[in-house]
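**Q** Please see the structure below; I have some questions.
The values are calculated or read from the model by the stated rules, or taken from the named source; none is laboratory data. Please read all numbers here as calculations on a predicted model, not as lab measurements. For neighbour counting, all protein chains shown are included, and Cβ atoms are generated from backbone atoms with ideal geometry for every residue, glycine included. Just so you know, the surface numbers come from the protein's heavy atoms only, side chains and all, with ligands and any DNA or RNA stripped out. Shrake-Rupley method; radii C 1.70, N 1.55, O 1.52, S 1.80 Å.
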Amino acid sequence: MTQHQITIPYQEAKYTELTADDRQLVDLAREATNRSYAPYSHFHVGAAIRLDDGTTVTGANQENVAFPSGTCAERTACYYAHAAHPHTPFAAIAIAARQADGTPVATPVAPCGACRQALLQYEMIAGHNVRVLLVGADSIYLLPSVSSLLPFAFTEF
Ligand code: THU
C-alpha cells in the first residue's frame, strides 16, 4: 500500500495587501452580493470574474421556489461570462458573501462542489490557472487555481 497526501497552497491577505486588480475584483464581488436573489436562505453571495483581457463579469446567487432550480453566484457568473465572452479565458474569480442583516461573513465562503466542477471547466478551457479569491470580512484567501480546490476532479469520459 502506498500513502499519498494532497496539500493545497493558499495565502491569507488583508484587503490592503492586495494588488489594485485584486482589490477591484473583491470590491465587485462584495457589490454583487446586493444583486443576490435569496428570499429563502437570506444568504447573499456575489462572484466577480476577471477575464484575460481585463473585462470583469459579476454574478449573484439566484434562488427559486423549486429549490434545486436556484443557482449559486459562482455558476451564475461563470456561465454568464462564458456565454458573453466565449473566446476570452478567465484569469481570476473572487467570491464574497453576507448574511441577511448585511454583515459580511467572517470566514471566507468557499464554492460548493458543483461550482468547483463548473469553474474547473473554464480553467481547462483557459489552459492556465484561474486564481481564486475567497473573501472574508477581514481577510482574503488567495488560491492559485480552481484545480487546487478540486483534487481528483472528473475531467473526461
Ligand atoms: N451559495 C452560493 O451562491 N455560493 C456558494 O459558494 C455557497 C452557497 C448560495 C446558494 C444558496 O442560494 C445560498 O447560498 C445558501 O446555500
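**Q** Give region 25-60 a look and list any residue that's open to solvent by 30 Å² or more (accessible area, probe 1.4 Å) and of a type in the set (Val, Ile, Thr), or say none.
**A** Once the filter is applied, which keeps residues that are open to solvent by 30 Å² or more (accessible area, probe 1.4 Å) and of a type in the set (Val, Ile, Thr), region 25-60 yields Thr55, Thr56, Thr58.
**Q** Can I ask one more? Of the conditions (1) assigned to a loop (DSSP other than H, G, I, E, B); (2) out of contact with any His (no Cβ under 9 Å at 6 or more places or on another chain); (3) surrounded by fewer than 14 Cβ atoms within 10 Å (Cβ to Cβ), Ala114 fails just one. Which one is it?
**A** Of the numbered conditions (1) assigned to a loop (DSSP other than H, G, I, E, B); (2) out of contact with any His (no Cβ under 9 Å at 6 or more places or on another chain); (3) surrounded by fewer than 14 Cβ atoms within 10 Å (Cβ to Cβ), the odd one out for Ala114 is (1).
**Q** Let me ask something additional. Among the residues in region 95-109, are any at pLDDT below 95, open to solvent by 50 Å² or more (accessible area, probe 1.4 Å) and assigned to a strand (DSSP E or B)?
**A** Looking through region 95-109, at least one residue is at pLDDT below 95, open to solvent by 50 Å² or more (accessible area, probe 1.4 Å) and assigned to a strand (DSSP E or B).
**Q** Failed condition for Ile125, given (1) open to solvent by less than 50 Å² (accessible area, probe 1.4 Å); (2) part of a helix (DSSP H, G or I); (3) away from the ligand (no atom under 16 Å from the Cβ), with all others met?
**A** (1)
**Q** Now for a separate question. Among the numbered criteria (1) in contact with a Lys or Arg (Cβ under 9 Å, 6 or more places away or on another chain); (2) open to solvent by 90 Å² or more (accessible area, probe 1.4 Å), which single criterion is violated by Gln3?
**A** Against the list (1) in contact with a Lys or Arg (Cβ under 9 Å, 6 or more places away or on another chain); (2) open to solvent by 90 Å² or more (accessible area, probe 1.4 Å), Gln3 comes up short only on (1).
**Q** Report the residue count in region 70-85 for those that are buried (at least 16 other Cβ atoms within 10 Å of the Cβ), in contact with a strand residue (DSSP E or B) (Cβ under 7 Å, 6 or more places away or on another chain) and farther than 20 Å from Val109 by Cα.
**A** Matching residues across region 70-85 total 2.
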